[in-house]
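For reference, the structure is listed below as structure tokens.
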Amino acid sequence: MYGKLHSACLHGIDGVVIQVEVDLANGLPQTAIIGLPDSSIRESVERVRAAIKNCGFTYPLKRVTINLAPADLRKVGSSFDLAIAVGILLTSEQWTFTDAGRMLIVGELALDGALRPVTGVLPMVEQAKKEGFTGVVLPLENAPEAALIRGIEVYGLQHLKELVQDGNDPNGAMGNLMADVSLSKLRYDKSSQSGGTQHESPQDTQLEDYQDVIGQQHIKRALTIAAAGMHNILLIGPPGTGKTMLMKRLPTILPPLADQEALTTTKIFSAAGKLKSSDGLMTKRPFRSPHHTISAGGLIGGGTIPKPGEVSLAHKGILFLDELPEFSRHVLEVLRQPLEDREVTISRARAVFTFPAHFMLACSMNPCPCGYYGSDHPHQRCTCSVTRIAQYRAKISGPLMDRIDLQVDVPRPKEWPGSSTPISSQQMRDQVYAAQAIQLERYHRLPFCWNSELFGSFLRKHVLLDKDSAELLQATIDTLGLSMRAYDRILKLARTIADLEASREIHSRHVAEAIQYRQLDRQHIATEETSR
């Protein structure tokens, strides 16, 4: 006897529909799962056996062969339990299920037949919809996440018996020779999720505001520019000047995620098992702040079956690295490729995985190991030698520094509460939204929407300098010895500064302001020369 159902698993952050084939043959009672299953899938035999018996059904005393196709794709996870159990019950003629071929069946079984949620449901259901499936049967806890995909029916259940249980007689289905699977009573009401998919204004729920930061007006200006064009930014200053406080408020001035961005970001969190069912579709840009002890695999993703790392979890949002030199140099160097390509490619013997990694890099650091180099603090003076400072700064390579658009010095604040009215997040957000609207109109037919994404001919087309601006920039490049990558980033930065002024043309003042945010390059070069 032969039966076939469909389940799904993850391949990177994408869902893959898997055929679950069940064959019952005469012979010694045993069960074999083939098709490159991992240990969690091989162990499902005992979970399924116990669940079927504890629900009052019979596990067939035959030779049971379960094939997961395609056979050349390694499968991982516990999402096949429910499909395997239903397949065995159908093939052994204990159940009938007329719509089985059009349904995706996903879920982990407990020994008593209860359903437990699985990770990665959103990309699985999205792929099922693309392949023409009409519905998905899965644990009730996963139903809100699956309901985010429109155009496919979602059926949520809490127990295996609910698939055939008579509503008036809980044991009625068990008494029949063959029980009919009925899904109508399990249909999930998507309307209860409609409020969770609406875009919320960031100011509706924010608890932090730039109004809390006294002074530091030029830092707020730099952060506004960074947010307006999604430019990478580094803040350098002694302890207690508010670097971390300023960075953690950066999400309050960023625009919400667009629909497609929200779906992609939610898929990544779903695949990583970090999405809560109550969250709905993510509308706020993610803000990730890993500890400096993180490994390279934790940052860019990895594992035997690779999963998304912090750079992918920060996709379309912010990756904040506090105390940048405290991170391992090897860990920092792996950021270079994602910052350029905006994706991470991880190769394994059997497959190559690609994760999106389009994020804004936000960093902070002290100017030296003790933190007070160049500080005007009345009681704290730098105690670091020149060699020690050089070694400290050499932890950040020149190529990585090249990829940071704004490098801003953060001095001790000169203002105190009551001396002036601080700039609020609302004021900064209005400027960012206005600049973003200009960029969306300019790039509406192109595959990007931020100035920081300009490259090649697009950069030359949309960033045109007059004679004075070009001469100013050329002189700066020659004086500071900047690379061509730094040259391009200054152009992108000048374009964003002009957009904040709603100026179509880029003037010398825009280029001059962009250049001043690269002044730390000269200090970095001097430090590397001293360290040699």
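Values for this structure:
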quantity	calculated
Hull shadow area, averaged, region 331-449 [alpha-carbon convex hull, nm²]	12.6 nm²
Extension reserve of the residue 501-residue 516 stretch, reckoned as 0.36 nm per residue once the Cα distance is removed	3.6 nm
Helical mean residue ellipticity (222 nm; -39500 (n - 2.57) per DSSP H run of 4+; nearest 500) of the chain	-10000 deg cm²/dmol
Environment charge at residue 472 (Cβ cut-off 12 Å; Lys +1, Arg +1, Asp -1, Glu -1)	-3
Residue 180 long-range amide H proximity, modeled H, under 5 Å	96
Loop trypsin sites (Lys or Arg not before Pro), region 103-165 (other Cβ atoms within 10 Å of the site Cβ: 16 or fewer; DSSP)	150
Relative contact order [Cα under 8 Å, 6+ residues apart], the chain, whole percent	13 percent
Segment residue 116-residue 292, extension gain: residue separation times 0.36 nm, minus the distance between their alpha carbons	59.9 nm
Per DSSP, loop GluC sites (Glu not before Pro) in region 397-471 with at most 13 further Cβ within 10 Å	415
Net length gained if the chain between residue 260 and residue 509 were fully extended (0.36 nm per residue, minus Cα distance)	86.0 nm
Residues 243, 284, 185, sorted so that the one with the fewest Cβ neighbours within 10 Å comes first	185, 284, 243
Globularity index of region 202-531, i.e. its alpha-carbon radius of gyration over 2.2 N^0.38 Å	0.99
Under-5 Å amide H pairs with residue 11, H placed in peptide plane, nonlocal only	16
Förster radius 45 Å - calculated FRET efficiency between residue 434 and residue 475 (Cβ-Cβ, nearest 0.05)	0.90
10 Å Cβ shell holding at most 15 others, DSSP loop, chymotrypsin sites (Phe, Trp or Tyr not before Pro): longest site-free stretch of the chain	1-447
Loop-located GluC sites (Glu not before Pro) in region 298-328 whose Cβ has at most 16 other Cβ within 10 Å (DSSP)	323
Acute angle (nearest 10 degrees) that the helix 81-91 long axis makes with the longest principal axis of the chain, alpha-carbon atoms	20 degrees
Per residue Cα convex hull volume in Å³ - calculated over region 2-195	108 Å³
Tilt relative to the chain, helix 520-531 - C-alpha long axis, 0 to 90 degrees, to 10	90 degrees
Label point distance in nm, residue 212-residue 448, each placed 7 Å from Cα along Cα→Cβ	3.3 nm
Simple label model, 7 Å out from Cα along Cβ direction - residue 397 to residue 329, nm	0.9 nm
Eligible lysines near residue 53 by straight Cα distance, threshold 30 Å, same-chain separation 8 or greater	4, 62, 75, 161, 185
Dmax and Rg, reported as Rg then Dmax, of region 1-100 (C-alpha, Å)	12.9, 40
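We did not get these values from a lab; they are worked out from the coordinates using the rules stated. This is a predicted model, so every value here is computed, not measured. Here Cβ is always computed from backbone atoms with ideal geometry, including for glycine, and neighbour counts include all displayed protein chains.
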